[in-house]
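Throughout, read-outs are computed from the coordinates displayed, never taken from laboratory work. Since the model is a prediction, treat every value here as computed from it, not as a measurement. Note that we place each Cβ from the backbone using ideal geometry, even for glycine, and neighbour counts take in every protein chain shown.
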Amino acid sequence: MTNVLDNPVWAALTHDQKRFADVRARAARFQPEVSPFAAVADPADRGAWADLAALTGPGEIVLVPTAPDDTPPGWELVGGGVGVQLTGERLVAAPDPEAVLLTEADIPEMLDLVARTQPGPFAPRTRELGTYLGLRREGKLVAMAGERVRPPGWTEISAVCTDPSYRGQGFAARLVRAVAAGVRERGETPFLHAAGTNTSAIRLYLAMGFEHRRDINFHAYRPQAEQVARGRSRS
């Protein structure tokens, strides 16, 4: 049986996170205000990419993990790159007494912190995907981490970021362990992704006990108009 981590977004959107999904036959995407991530059931299936084009629409961009090395016909590669997938079976998880649960009221601060630190895609409704924890100093949100993609049995830790003025104090590691503690309480296993160029973060995660599972493409695509029309003409 194929491991769900081989195609984590597809597994999540067709199982535990269906309520956040737009699905068409062999393609699925998170609702745009939730996340830009999308997936196809089989990256080698051209028909699945036509289905995804129908979900995406002209001029719109989606981010596809597990993308093929070659750009699918009818699509334009506009960004992204190679990342790593790390699993946390050996991670030592622990609650953090200072970590606060971030709620809808905290979204403006969360978006501001993400804009200043660029940990990866984070949309206005991303917080709804799972638990997000933060650390505050003098009332200001200075670090956070949370849960994003949830294929069966696993939870991705994401949006790990720290205000530049507060880096070097171990906040990221503390929050990752705290989020992982909640994941473990549900009987699930934490995993995460990092850009291949983010060597400092990768070193931190490996030192914490995460293990490299594989390299993974994260490509941003925009469908050509003809591909959108072809996808929408399919029954």
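For region 121-193, the Kirkwood estimate of hydrodynamic radius, built from reciprocal distances between every pair of different alpha carbons, is 12.6 Å.
Taking the longest Cα principal axis of the chain as reference, the axis of helix 107-117 is set at about 90 degrees.
How large is the Kirkwood hydrodynamic radius of region 86-214, counting all unique pairs of alpha carbons, in Å?
14.5
Around the Cα centre of the chain, unit charges on the Cβ atoms of Lys, Arg, Asp and Glu (plus for the first two, minus for the last two) sum to a dipole of about 80 debye. The H on the amide N of ALA143, modeled in the peptide plane, is under 5 Å from the matching H of LEU135, ASP163, each at least 5 residues off or on a different chain. Evaluating 6.51 cos²θ - 1.76 cosθ + 1.60 at θ = phi - 60° for every residue in region 203-210, the Karplus couplings come out as 4, 4, 5, 5, 5, 6, x, 5 Hz, glycine and proline recorded as x. Between ALA94, ALA159, ALA207, the residue with the greatest mean-square fluctuation in the GNM of the chain (Cα pairs under 10 Å linked by springs) is ALA207. Normalised by the number of residues in the chain, the mean separation of alpha-carbon contacts (under 8 Å, six or more apart) gives a relative contact order of 31 percent.
Sequence-distant contacts, meaning Cα pairs under 8 Å at least 6 residues apart, place the relative contact order of region 86-214 at 34 percent. Principal-axis analysis of the Cα atoms of the chain puts helix 46-56 at an angle of about 70° to the longest axis.
Between the DSSP loop rule and a limit of at most 14 other Cβ atoms within 10 Å, which GluC sites (Glu not before Pro) in region 1-97 are left?
Details: sites: GLU33, GLU60, GLU76, GLU89; in loops: GLU33, GLU60, GLU89.
Here the GluC sites (Glu not before Pro) that fit, given the DSSP loop and packing criteria, are GLU33, GLU89.
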